[in-house]
Amino acid sequence: MTTPLLLEAMKTDPAHAAWLEEVGTDLLEWGAASRTEHGFGWLDSNGTLDPDHDLELWINCRMTHCFALASIRGTESSRDFAELAAHGLSALSGAFHDDEHGGFYSIIARETGEPVDDSKQAYAHAFVVLAASSLVEAQIPGAEELLETALEAHARFFESEHGMFADTYSRDFSNCEDYRGINANMHSVEGLLAASAATGRLELFERAAVIVERALAFAKDNGWFLPEHFTTAWEPRPDYNREEPAHPFRPYGATIGHSFEWARLALHTAAGFEGQFSDATRAQERASALRDGALALAEKACETWGIDGDGGFPYTVDWDGSPVVHERMHWVVAEAIGAAAVLFRTSGDAAWEERYESWWQWAKTTTIVPGRLGSWVHELTATGEISETTWKGQPDIYHAYQVTLIPRLPAWPPLAHAVATEARSR
């Protein structure tokens, strides 16, 4: 049986491909307004810099990653995306880097570039690895040195006895928080896959694969709702943050957007096994298990669509599937769309194509501001009103920009390497 591929379908649907390109370009234009002297700042809902926010490492990395992708693709614009990517590299190598203790500061002052929060967070360091990998693929001068520095710093969080990354250290890496989280490990997988492709280091791929397998095991043991929070021995903490359920990074309950992200990353990893170890029986077995886990995780997340409103996914649900935080986050639907694209491509199941189209239609009518495709409302109520319970402003283009690319690229190699391969083939 011939399996239909979303990638091929989109190449025969120029209108949709052109619309994705338009949305992506507008997002880049929106994000370019975040440039400041020392990096990239926090944008408000009008697309201007919010003076109440200093410069956060994860935002700077995400912006740098997106501009590097645009530079590789040669996106048509009056903006010089290579220069913006280089600006991000300069900020990461300069003001954000701790020259004394190593690693990268979490937050620096917008006006001076001095550290405001000097803790070292695995979540943000994973994004340094991702950004640096994309900069290498974009051939930005200094990128290889930054990637090596980032990988060395990121590795300091790794706990070999658990095969997972710790979460937060003090500035000098002497004290580690009594908390372990799946979120930092998810983005570590993303960064390690990208770094493996950029450097050819298969041990980085293997480390990522083991983490994905561990995460899927946690989800399977919990009815395919993935626990987010753990003890230092990696025992689930199901009641963590019950009193602060809408936390932007550590919410209580199951985070639906993360289920879709993990599903997509599992499929990328499975494709990586097949692409790099096609003759290895064990690799094929691992790839098959990853695909099965990705499908189970995504199907469970799909059960929450419109559970408390006219559509959309709630931010979080309780362990029985009932909504906890009802708000609709832009990044959740973006990740759902991306996962649906890769699930359809890798399975051929038309149900995922239907979901892909349906979820895009919902995003078009609720989340993307008409006439301003770069403006994605970051948070809505279950009934569609603008909300700021968890997120203030519109600081992030990463999830939205990536989902304009994922449907047009193969499941392997990772995003920046795939974009670079496509650019070289023109």
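Restricting attention to the stretch 279-296, which residues are closer than 30 Å to residue 328 by Cβ and in contact (Cβ under 8 Å) with a residue 40 or more places away in the chain?
Just the residues of the stretch 279-296 that are closer than 30 Å to residue 328 by Cβ, to begin with: 290-296.
Passing the criteria: 290, 291, 293, 294, 295, 296.
Just to be sure I understand, how many residues within the stretch 29-39 are surrounded by 24 or more Cβ atoms within 10 Å (Cβ to Cβ) and in contact with a His (Cβ under 8 Å, 6 or more places away or on another chain)?
Selection size over the stretch 29-39: 1.
For residue 154, are the conditions met, namely being within 21 Å of residue 59 (Cβ to Cβ), touching a residue at least 60 places away in the same chain (Cβ under 8 Å) and either of a type in the set (Phe, Trp, Tyr) or assigned to a helix (DSSP H, G or I) (or both)?
Details: within 21 Å of residue 59 (Cβ to Cβ): yes; touching a residue at least 60 places away in the same chain (Cβ under 8 Å): no; either of a type in the set (Phe, Trp, Tyr) or assigned to a helix (DSSP H, G or I) (or both): yes.
In short, no.
State yes or no: is residue 421 outside any loop (DSSP other than H, G, I, E, B), of a type in the set (S, T, N, Q), at negative phi and surrounded by 14 or more Cβ atoms within 10 Å (Cβ to Cβ)? So that I can check it myself, show each step before the final result.
Working: outside any loop (DSSP other than H, G, I, E, B): yes; of a type in the set (S, T, N, Q): yes; at negative phi: yes; surrounded by 14 or more Cβ atoms within 10 Å (Cβ to Cβ): yes.
It is true that residue 421 is outside any loop (DSSP other than H, G, I, E, B), of a type in the set (S, T, N, Q), at negative phi and surrounded by 14 or more Cβ atoms within 10 Å (Cβ to Cβ).
Which of the residues that make up the stretch 374-397 are over 20 Å from the mean Cα position of the chain (by Cα) and assigned to a loop (DSSP other than H, G, I, E, B)?
381, 382, 383, 384, 385, 387, 388, 389
Considering 125, 101, 162, which residue is more than 30 Å from residue 290 (Cβ to Cβ) and either touching a Phe, Trp or Tyr at 6+ places or on another chain (Cβ under 7 Å) or assigned to a strand (DSSP E or B) (or both)?
Working: 125 fails: more than 30 Å from residue 290 (Cβ to Cβ); 162 fails: more than 30 Å from residue 290 (Cβ to Cβ).
Being more than 30 Å from residue 290 (Cβ to Cβ) and either touching a Phe, Trp or Tyr at 6+ places or on another chain (Cβ under 7 Å) or assigned to a strand (DSSP E or B) (or both) holds for just one of 125, 101, 162, which is 101.
For the stretch 297-326, give me each residue that is without any contact (Cβ under 8 Å) to a residue 60 or more places away in the chain, more than 21 Å from residue 344 (Cα to Cα) and not small (Gly, Ala, Ser).
If the condition is that a residue be without any contact (Cβ under 8 Å) to a residue 60 or more places away in the chain, more than 21 Å from residue 344 (Cα to Cα) and not small (Gly, Ala, Ser), then 307, 320, 323, 326 are the ones that fit.
What number of residues within the stretch 85-123 are touching a Ser or Thr at 6+ places or on another chain (Cβ under 6 Å) and of a type in the set (A, V, I, L, M, F, W, C)?
Total satisfying the criteria: 1.
Can you find even one residue in the stretch 54-74 that is part of a loop (DSSP other than H, G, I, E, B) and farther than 25 Å from residue 184 by Cα? If you could, list the steps in order and put the result at the bottom.
Step one: of the stretch 54-74, the residues part of a loop (DSSP other than H, G, I, E, B) are 54, 74.
Now narrow it down to the ones that are farther than 25 Å from residue 184 by Cα: 74.
Yes, the stretch 54-74 contains at least one residue that is part of a loop (DSSP other than H, G, I, E, B) and farther than 25 Å from residue 184 by Cα.
Against the condition surrounded by 22 or more Cβ atoms within 10 Å (Cβ to Cβ) and farther than 21 Å from residue 217 by Cα, how does residue 333 come out, does it pass? Steps first, please.
Details: surrounded by 22 or more Cβ atoms within 10 Å (Cβ to Cβ): yes; farther than 21 Å from residue 217 by Cα: yes.
Judged against the criteria, residue 333 is a match.
Give the stretch 336-358 a look and list any residue that's surrounded by fewer than 21 Cβ atoms within 10 Å (Cβ to Cβ), small (Gly, Ala, Ser) and part of a helix (DSSP H, G or I), or say none. Before you say what the answer is, go through the steps one by one.
Let us first name the residues in the stretch 336-358 that are surrounded by fewer than 21 Cβ atoms within 10 Å (Cβ to Cβ), namely 347-351, 353-354, 357-358.
Checking the rest, the ones that are also small (Gly, Ala, Ser) come to 347-348, 350-351, 358.
Those that are surrounded by fewer than 21 Cβ atoms within 10 Å (Cβ to Cβ), small (Gly, Ala, Ser) and part of a helix (DSSP H, G or I): 347, 350, 351, 358.
Would you point out which residue out of 363, 400 is in contact with a strand residue (DSSP E or B) (Cβ under 7 Å, 6 or more places away or on another chain) and part of a helix (DSSP H, G or I)?
Working: 363 fails: in contact with a strand residue (DSSP E or B) (Cβ under 7 Å, 6 or more places away or on another chain).
Just a single option satisfies the conditions, and that option is 400.
Give 57, 20, 69, 92 a once-over and let me know the one that is surrounded by fewer than 24 Cβ atoms within 10 Å (Cβ to Cβ), in contact with a helix residue (DSSP H, G or I) (Cβ under 8 Å, 6 or more places away or on another chain) and more than 16 Å from residue 393 (Cβ to Cβ).
On the way: 57 fails: surrounded by fewer than 24 Cβ atoms within 10 Å (Cβ to Cβ); 69 fails: surrounded by fewer than 24 Cβ atoms within 10 Å (Cβ to Cβ); 92 fails: surrounded by fewer than 24 Cβ atoms within 10 Å (Cβ to Cβ).
Exactly one of 57, 20, 69, 92 is surrounded by fewer than 24 Cβ atoms within 10 Å (Cβ to Cβ), in contact with a helix residue (DSSP H, G or I) (Cβ under 8 Å, 6 or more places away or on another chain) and more than 16 Å from residue 393 (Cβ to Cβ), namely 20.
Consider only pairs whose beta carbons are under 8 Å apart and that are at least six residues apart or on different chains; among these, list those whose first residue lies in the stretch 390-418 and is under 22 Å from residue 345 (Cα atoms) and whose second residue is of a type outside the set (Ser, Thr, Tyr) and not in a helix (DSSP H, G or I).
Close Cβ pairs (under 8 Å, with a partner that is of a type outside the set (Ser, Thr, Tyr) and not in a helix (DSSP H, G or I)) amount to 400/376; 415/409; 416/138; 418/409; 418/410; 418/412.
Just to be sure I understand, how many residues within the stretch 297-312 are among the aliphatic types (A, V, I, L, M) and surrounded by fewer than 18 Cβ atoms within 10 Å (Cβ to Cβ)? Before the answer, list the steps.
As a first pass, look at the stretch 297-312 and keep what is among the aliphatic types (A, V, I, L, M): 297-298, 301, 307.
Of the ones still in play, those that are also surrounded by fewer than 18 Cβ atoms within 10 Å (Cβ to Cβ) are 307.
Looking only at that region, the number is 1.
Where a number appears in this text, it was derived from the coordinates with a stated rule and is not lab data. Keep in mind the model is a prediction, meaning the values are calculated, not measured. Every residue, glycine among them, receives a Cβ derived from its backbone with ideal geometry; neighbour counts consider all protein chains shown.
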